Amino acid sequence: MKGWAQYEKRLFWLLVSGVLCNLLCISYMAFKMERGLDQDYLRSNAIFPATRPFSVIPTTSIWLAGIISDGSQINSIVWDAILELNCYHNIGIHIITKENAEEALHLYSIKVKAKAKNKQCAPMKIQNQTVFSKRYLEIIRTSKRIDRISAIRDAHRELLREEFLYSEGIVVLADLDLKMLPKTSIVMDQILKVKGNGSVMGRNDEYEHDAICANGSGISKPKKGEIVGKYYDTFATVFWPDTFALPLKMRASNVLYEGENPKLVRSDDAKHGKFTQQHIFNYFKNEGIKTNTGNVRVTSCFGGLAIYKSKPYFEDKCNYQLNN
């Protein structure tokens, strides 16, 4: 499986300039939260309870979406970034959880009270997977991990589509179990470039491509005082034009596809050389230096945070799940 972007074979690019890539770090730290729901506050501030239906007419053309198994495990730093985007930049938030959607909503309400009480925030929707259709729920219940995640992505995509019935815009997908998200100023700059309105500084530098992904990395222990970035999202990454980064031993078929460049396949074995996650991270960083935008062309990517134009993202013939 090569992921949704590979299935459509649209042009995707990888962002490797700036500090966007360096701030994406995987974390599974538990987060202790307060109990109890302040429903009056939620209603008065238009932060949608998990059971509230979707609005018919969207109030924003930009939505950040994410899925997470346990809604209570989104850490405080990530919530701060979400709040800033939601309440200071009019970006709608759409989160799907397997459990604890109401606890996640309560934690967010505490953040809003503390940091944005007098702000007019964009819609905030946190829902359990039970809102999915029976077809998706059956797949999620009976499938293996990769097929299950693909089905959740497709089901979430169908729900998100309702927010773009009357206008085109931007979809931002983010991993919500990260230690932190990129700086809001960087995210907004990239959103405006993808959208085609120039950057936040007014430069005429919008992108021609449909999406951009972060050069997401985990941070290794420093060696001789140097922090080493390790590219972690090899599953979603397909180098241009058609080399899958995932190691052969992790694929359904342990052979190279026709046309793949073995030098770009993550591997530590003698046969294919040593091309580690650190090498992938450095590859994109070095290739980005050669371009005017700092971006590198790829066939598929995610990297922990990706920004899409809504029209190609909701293309009917595109799916996360593959028929075969």
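The values are calculated or read from the model by the stated rules, or taken from the named source; none is laboratory data. Just so it is clear, the structure is predicted and the values come from calculations on it, not from any experiment. Counting neighbours? That spans all protein chains shown, and the Cβs are built from the backbone with ideal geometry, glycine included. Accessible surface is based on the protein model in full, side chains and every heavy atom, while ligands, DNA and RNA are left aside. Shrake-Rupley method; radii C 1.70, N 1.55, O 1.52, S 1.80 Å.
Here are some notes:
- Failed condition for CYS87, given (1) surrounded by fewer than 20 Cβ atoms within 10 Å (Cβ to Cβ); (2) more than 29 Å from PHE244 (Cα to Cα); (3) modelled with pLDDT of 85 or more: (1)
- Scanning region 117-170 for residues that are open to solvent by less than 30 Å² (accessible area, probe 1.4 Å), out of contact with any strand residue (DSSP E or B) (no Cβ under 6 Å at 6 or more places or on another chain) and part of a loop (DSSP other than H, G, I, E, B) returns CYS121, PHE132.
- Given (1) in a helix (DSSP H, G or I); (2) at pLDDT 95 or above, number of the condition ILE96 does not satisfy: (1)
- In region 205-220, of all residues being closer than 14 Å to SER300 by Cβ and open to solvent by 10 Å² or more (accessible area, probe 1.4 Å), the one that is modelled with the lowest pLDDT corresponds to HIS209.
- Filter result (over 12 Å from ASN86 (Cα atoms) and either open to solvent by 10 Å² or more (accessible area, probe 1.4 Å) or not small (Gly, Ala, Ser) (or both)) within region 99-114: GLU99, ASN100, GLU102, GLU103, LEU105, HIS106, LEU107, ILE110, LYS113, ALA114
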